[in-house]
Structure formats: C-alpha cells, structure tokens
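Take a look at the structure below.
Bear in mind that the values in this text are calculations on the coordinates, not laboratory data. Given the structure is predicted, the values throughout are model-derived calculations rather than measurements. Cβ placement follows ideal geometry from the backbone for every residue including glycine, while neighbour counts extend to all protein chains displayed.
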C-alpha cells in the first residue's frame, strides 16, 4: 500500500510573509517537516503543494529523494482557500489508487519527527479506524460563555495529576485514504483514531514573536547534536555537579555533595576519546579531589564570569579545536558568556531564568547535583 505525504505551503501568508520558508533554527521552516518525512521509511512520496516560485526554488535546494513539487492553482491559493480544496485538486488530477494512504502534514508544525510519522502510520494501519489525527492532551479548565464550567466541577477542583484533561488537535498530521477523502471531501472521515504527541507540539507559529519561543522548544526537544562534532565536554561545578548547597562540619570544614551518575558520564566521555573539563568560580581542595578521581583532563578554579569562557578558549587552543566543538553545562550568570559561545549549551532544571531563556540551550529535567550532567551527556550522545 502506497503512502503519500502532502504538505500545502502557500506563498501569501499575511501575518508573516513567506512564513513557510522563514529561517527556523538555521533552516527554512518547511525543511523540518520534509526532512522528517524523508527519514520515515513507510512513506513513498512527499508532495509539496505551492503557488510560489520562491518556495519551489527553496525546496529544490534541499537534498531530497522522495519529494516533488505540485503547483497548486491560483484559485486554491487564496486567503479564503481551504486545505481540503487543494487536497481535492491534487487527488482529482493525479488519479491515485483508492487505497493509497494520504497523510496531510502541516509545515507550521516543525516539532513532528520521523518517529511520530512512523508511529502514527502504525496506529492507523493497526487499528480498526478509517482516519487519524494528531492531538495533545491539555490539562486546562475550560468555561462556557454563560459562566458554567465545561470540563470540571469547580466545587471539587481536581489536582492536575488526577485530572485527565481534554484532547486538542495540534495540526501536525492527519491520515486517511484517497477513497475516503474523495467521497467525504474532508481530511477526516468514519471512525477516527487519535495519535497523542507532547503538549509543546501544539505551539503555533502565527506571529513573529512566536519564533523565539518555538525555536527554544525546538532546540530543547528535537534538535540533537552529532557526536562527531563534540571534542570537549565542560561543566560548571556548584549548582551543576553539586546541588549548590553549602555544607559545613562542626569544625567549619566545607563539604560538597556530588552525584555518582555524573561521574559515569566522565568515564563514558573518556572512553569515547572526548576531552573533559571542570570550570568553577570557587577554589577548593574538594573540587580538586573530585576532578582527580574522575580523571578530568582540565580543571580551572577561581574563574568568574568571562573567565569561564577564557578557560574554554585556552583549552580549545591547546587541543586545536573550535568553540563550536565544545559542549558546556552551567546554571548561573557567571556561565552566561560560555553558554552563549559554545556549540552545545545545557543547564540543569533549576538554573536561573536568564540562563534557561537562552534561545539554543538544552534544559535538563534533573536539577543540579541530581544527575543533570549525565542527562546532558545522554541528550548529546
């Protein structure tokens, strides 16, 4: 059974001109959907339906094997044109087999991965359903205009963890057969199945300011670095390798608590031939002992603010590598310059807001001292 993915991309977006090819995380927006579809083995052909010469030229520059351009009619490229109208136009012209699986994909949903497409197709083929759409679960309380609650009893407000919530379309993918679409003139028909995706995938790209948030979500959840690009893995100490707590004995001796899972990350990095560094603003024997035990290649203490970036640059010069080949994880303002300049930046879940708001940073689910360095390693490799 053939599977065709169909991406409608108009050139006449009003809110953001040429939105579908606007730069998003270093690539035209439509690239992310096409790339994920190209990597989905079940898909035989990808159709980009556009009315724009610029969009066609942009797509042609991608290294694609399964993607073709379909020039949609002027009539079905207006502001008032529906997605169904261009789908039906294409299907009526191409005369596909009636049992062909037809997957509608929105370019404005760049968070959809090849794994999502594969799982959605598996669910469509494996269940007794006629069509399928992607959704997210929203745990929000909704109200009617007349002041009555819609989906919960306000007199017995449930805890979030006990509240099922509601499913909402995220617009990422719709799956049906050619026969059903031609018969019902709709992307959905018959018994409809749901494919659930993470809540962040419901974020919409409608206004220019949406780009900042969406790119941060993309870097945090989707984009992964290639292992071969990272030649130095560096970390802050307090608040990253430790919980930032200050512990003292009765004699006034300072103590720090480290996490054994983070230690394993250094062992794995060493086995992979990747240089490691610990860079901290403090200057203690405790950190020196820990660095020695972990067999860290470089230890820099007493480095505040720009000093951390200077330390990384010094290592890069010694190892003949570039900043783009460095991964660094930090949590506070004195890590800011380093995080802004390395190739791959990460921070623990309890980092300060200014650090977590950096556009390309990977935010861990673990807090400092709770294995966030190991999580950063796992996310990178």
Inset, instruction - Translational diffusion coefficient, Stokes-Einstein: compute it for the chain using the Kirkwood radius over C-alpha pairs as Rh, at 25 °C and 0.890 mPa s, and state it as an integer in µm² s⁻¹. - result: 103 µm²/s
Inset, instruction - First measure r as the distance between the Cβ atoms of residue 78 and residue 251, then evaluate 1/(1 + (r/R0)^6) with R0 = 56 Å and state the FRET efficiency to the nearest 0.05. - result: 0.10
Inset, instruction - Could you work out how far apart the two model spin labels at residue 145 and residue 127 are, taking each label as a point 7 Å from the Cα in the direction of the beta carbon, and quote it in nm? - result: 3.3 nm
Legend entry - For the chain, share of DSSP beta bridges that run antiparallel, in % to the nearest 5: 30 percent
Inset, instruction - At q = 0.19, 0.26 Å⁻¹, what is the base-10 log of I(q)/I(0) for region 104-161 according to the Debye formula with one equal point scatterer per Cα and no solvent? Please give it to two decimals. - result: -0.82, -1.05
Inset, instruction - Just order 134-141, 208-215, 245-252, 338-345 by mean Cβ neighbour count inside 10 Å, highest at the front, would you? - result: 338-345, 134-141, 208-215, 245-252
Inset, instruction - Treat each spin label as a single point 7 Å out from the Cα along the C-beta direction, and report the residue 289 to residue 44 distance in nm. - result: 6.7 nm
Inset, instruction - In Å³ and rounded to a whole number, note down the convex hull volume per residue for the Cα atoms of region 129-180. - result: 119 Å³
Inset, instruction - Apply the Debye scattering formula to region 27-97, with a single equal point scatterer on each alpha-carbon and no solvent, then give log10 I(q)/I(0) at q = 0.17 Å⁻¹. - result: -0.70
Legend entry - Residue among 145, 122, 301 with the largest mean-square fluctuation in a Gaussian network model of the chain, springs linking Cα atoms under 10 Å: 145
Legend entry - R0 of 30 Å, Cβ-Cβ distance residue 160-residue 182: FRET efficiency to nearest 0.05: 0.10
Inset, instruction - Mind pulling the angle between the C-alpha long axis of helix 285-294 and the longest principal axis of the chain? Nearest 10 degrees, somewhere in 0 to 90. - result: 60 degrees
Inset, instruction - Could you work out how far helix 83-94 tilts from the main Cα principal axis of the chain, as a 0 to 90 degree angle to the nearest 10? - result: 60 degrees
Legend entry - Diffusion constant of region 284-378 at 10 °C, which comes from Stokes-Einstein with the Kirkwood Cα-pair radius and 1.306 mPa s, µm²/s: 114 µm²/s
Legend entry - Kirkwood-type radius of region 3-220, with distances r between different C-alpha atoms, in Å: 18.5 Å
Inset, instruction - Would you calculate the separation in nanometres between label points at residue 27 and residue 15, each defined as 7 Å from the Cα along the Cα-to-beta-carbon direction? - result: 2.3 nm
Inset, instruction - Let me know the whole percent of all Cα-Cα pairs from region 238-324 that are separated by more than 15 Å. - result: 63 percent
Legend entry - Using alpha carbons only: equivalent-ellipsoid semi-axes of region 131-286, gyration tensor based, whole Å: 48, 26, 15
Inset, instruction - Kindly give Rg over Rh for region 83-122, based on alpha-carbon atoms, with the Kirkwood expression for the hydrodynamic radius. - result: 1.03
Inset, instruction - Could you pull the Cα extents of region 1-129 along its three principal axes, largest to smallest, in whole Å? - result: 41, 33, 24
Legend entry - Efficiency of FRET from Cβ geometry, residue 192 and residue 64, R₀ 22 Å, rounded to 0.05: 0.10
Legend entry - C-alpha long axis of helix 210-221 to longest principal axis of the chain, angle in °: 70 degrees
Legend entry - Beta bridges per DSSP with both ends in region 19-172, % antiparallel, nearest 5: 60 percent
Inset, instruction - Take the alpha carbon gyration tensor of region 331-381, find the square roots of its eigenvalues, order them as a ≥ b ≥ c, and report rounded if a/c is under 1.5; if not, report prolate when a/b exceeds b/c, else oblate. - result: oblate
